[in-house]
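No value in this document is a laboratory result; all are computed from the given coordinates. Quick caveat: nothing in here was measured; it's all calculated off a predicted structure. We place every Cβ from the backbone using ideal geometry, glycine too, and count neighbours over all the protein chains shown.
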Amino acid sequence: MAVNDFIQENKDRFLNELLDLLRIPSVSADPKFKDDVFAAANFVKESMEKAGADTVEICETAGYPIVYGEKIIDPSLPTVLVYGHYDVQPADPYELWDSPPFEPVIKKTAIHPEGAIFARGSADDKGQFYMYVKAFEAMMAAGDLPCNVKFMIEGEEEVGSDNLEKFVIENKEKLQADVILISDTHMISMQDPSITVGLRGMAYMEVEVTGSNRDLHSGTYGGAVANPINVLCEMIASMKDENDHITIPGFYDKVQELTAAQRERLNQAPFDLKEYQDKLDIDDVHGEKGYTTIERVGIRPTLDVNGIWGGYIGEGAKTVLPSKAHAKISMRLVPDQDWHEISELFENYFKSIAPKSVKVKVKPHHGGAPAVVSDSSVGYKAAEAAMEETFGKKPIPTREGGSIPIVALFQKELGSDPILFGFGLDTDALHSPNEHYGVKNYFIGIETIAAFFRHFKELSNQ
Ligand code: BES
Ligand code: ZN
């Protein structure tokens, strides 16, 4: 039976298996879900074995394990390495979900008239990496696996992939491949397929501002003693100027400026500002002066508060000057910013702008390097040909704002540019309530992956 026939005949099962995986709440950020994260690793292992992998191992790390599996049919054939992650972001706030995040349901939407799977991790990244397991199963069942395949599916991507570097360095031989595929990004739309060629890096910080040694009556002390929440807000506000330019000294020193021609090319990608605003229900966009929305997301760094807390947030009102205020702040980075350097610049600057009336602590959380990948490699050409076959249109190279720390690590340690072969959409609500992944995206992804294997083998032989 041909690969695509096998996919068609097994559609229901392929979908149901993904739903089973989505039922496991593998939230890596919250220790409460520890057993579930391990359970997800086991699920992945078993599904690779069932699909026909020869060797499948759960590789322990200092954190959550990496599931490695392979099928080497002939060492003289090209080898494809697949990377993905089975961990997911926290589902909070639960009350904003229309259906429980770990009880997947399929619903039609305007963008997904054929239905989308609503569940945490459906697009990021379970639905996307699982396409490889199914494409592999279909190719095996059809007796038509054109390349060797290696899988490396980790469980800590959403918390910075801290233990991955060691694993990659220690297992270079095992991970050797002719191309690396990662499906953990977006396309422009179903009508405008695209392949990501740039991702931002990340430096994530947590700050604590302390005023008095205990909470105070805001009448007795208000106006005379620093309120750490007020101070924290002022400090954060002062980290950007009126043009939304970040004020940390040295922050932009290593930012690569693109040429006018490069910027023009980037801005040629289909993008409708009105539609973008409408989908988000906003009347205007907001960002660094002098740059378009595509550029603000693709080639410019940011500084954003992800969470801020302190004081009284319960029912009713309480008059209090809190002793402490906290914030989690992320900076998205672009080539050639170094996240260790940026973390240090942030820490020094944050401490330098703190008034004497408070004490501050800065704790760097995690980070990752930005990456730009080639759009002329054999792998890219094969991905382009595969998408052209299934979408009927040549994909456009794009730069995206998210981060996948392993991309730069693969470039450095394995000397290879991964192909960012994402099939999600930016409306899939990643990291938000009601995350979803189109059923059609899932199946077209499986078919495109199988097509990639064929094209990659052909192009590698030329
Ligand atoms: N799948 C995303 C990365 C992504 C999202 C790329 C959207 C392109 C567009 C990934 O799982 C993710 O969320 N990564 C984190 C990394 C961080 C924790 C270092 C991110 O970008 O916040
Ligand atoms: Zn992801």
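Check the range 126-143 and report whether any residue there is of a type in the set (G, A, S), away from ligand 1 (no atom under 12 Å from the Cβ), surrounded by fewer than 24 Cβ atoms within 10 Å (Cβ to Cβ) and assigned to a helix (DSSP H, G or I).
First, the residues of the range 126-143 that are of a type in the set (G, A, S): 127, 135, 138, 141-143.
The next check asks that each one be away from ligand 1 (no atom under 12 Å from the Cβ); those that pass are 135, 138, 141-143.
The next check asks that each one be surrounded by fewer than 24 Cβ atoms within 10 Å (Cβ to Cβ); those that pass are 141-143.
In the following step, the residues that additionally are assigned to a helix (DSSP H, G or I) were identified as 141.
Within the range 126-143, one or more residues are of a type in the set (G, A, S), away from ligand 1 (no atom under 12 Å from the Cβ), surrounded by fewer than 24 Cβ atoms within 10 Å (Cβ to Cβ) and assigned to a helix (DSSP H, G or I).
State yes or no: is K174 more than 16 Å from ligand 2 (Cβ to nearest atom), over 27 Å from I342 (Cβ atoms) and not in a loop (DSSP other than H, G, I, E, B)?
Values: more than 16 Å from ligand 2 (Cβ to nearest atom): yes; over 27 Å from I342 (Cβ atoms): yes; not in a loop (DSSP other than H, G, I, E, B): yes.
The answer is yes for K174.
Counting just the residues of the range 358-371 that are away from ligand 1 (no atom under 11 Å from the Cβ) and surrounded by fewer than 18 Cβ atoms within 10 Å (Cβ to Cβ), which one comes out farthest from A325 (Cα to Cα)?
P364
For F151, all conditions in the list (1) aromatic (F, W, Y); (2) over 17 Å from V80 (Cβ atoms); (3) over 17 Å from the mean Cα position of the chain (by Cα) hold save one; what is the number of the exception?
The number of the failed condition is (2).
So the check is Cβ under 7 Å with 6+ separation or different chains; which pairs have a first residue in the range 321-339 that's closer than 17 Å to G198 by Cβ and away from ligand 1 (no atom under 13 Å from the Cβ) and a second one that's of a type outside the set (A, V, I, L, M) and not in a loop (DSSP other than H, G, I, E, B)?
From the range 321-339, the pairs are Q337/G201.
Within the range 319-357, can you find the residues that are assigned to a strand (DSSP E or B), out of contact with any Ser or Thr (no Cβ under 9 Å at 6 or more places or on another chain) and either surrounded by fewer than 20 Cβ atoms within 10 Å (Cβ to Cβ) or of a type in the set (S, T, Y) (or both)? Spell out how you get there, then give the answer.
Applying the first criterion (assigned to a strand (DSSP E or B)) to the range 319-357 yields 320-321, 324-333.
Subset that is out of contact with any Ser or Thr (no Cβ under 9 Å at 6 or more places or on another chain): 326-329.
Answer for the range 319-357, where residues must be assigned to a strand (DSSP E or B), out of contact with any Ser or Thr (no Cβ under 9 Å at 6 or more places or on another chain) and either surrounded by fewer than 20 Cβ atoms within 10 Å (Cβ to Cβ) or of a type in the set (S, T, Y) (or both): H326, K328.
Can you list residue pairs whose Cβ atoms sit under 7 Å apart, with the first residue in the range 77-94 being on the phi > 0 side of the Ramachandran plot and the second being more than 10 Å from ligand 2 (Cβ to nearest atom) and among the hydrophobic types (A, V, I, L, M, F, W, C)? Count only pairs 6 or more apart in sequence or on different chains.
Once the first residue is on the phi > 0 side of the Ramachandran plot and sits in the range 77-94, no partner that is more than 10 Å from ligand 2 (Cβ to nearest atom) and among the hydrophobic types (A, V, I, L, M, F, W, C) comes close enough.
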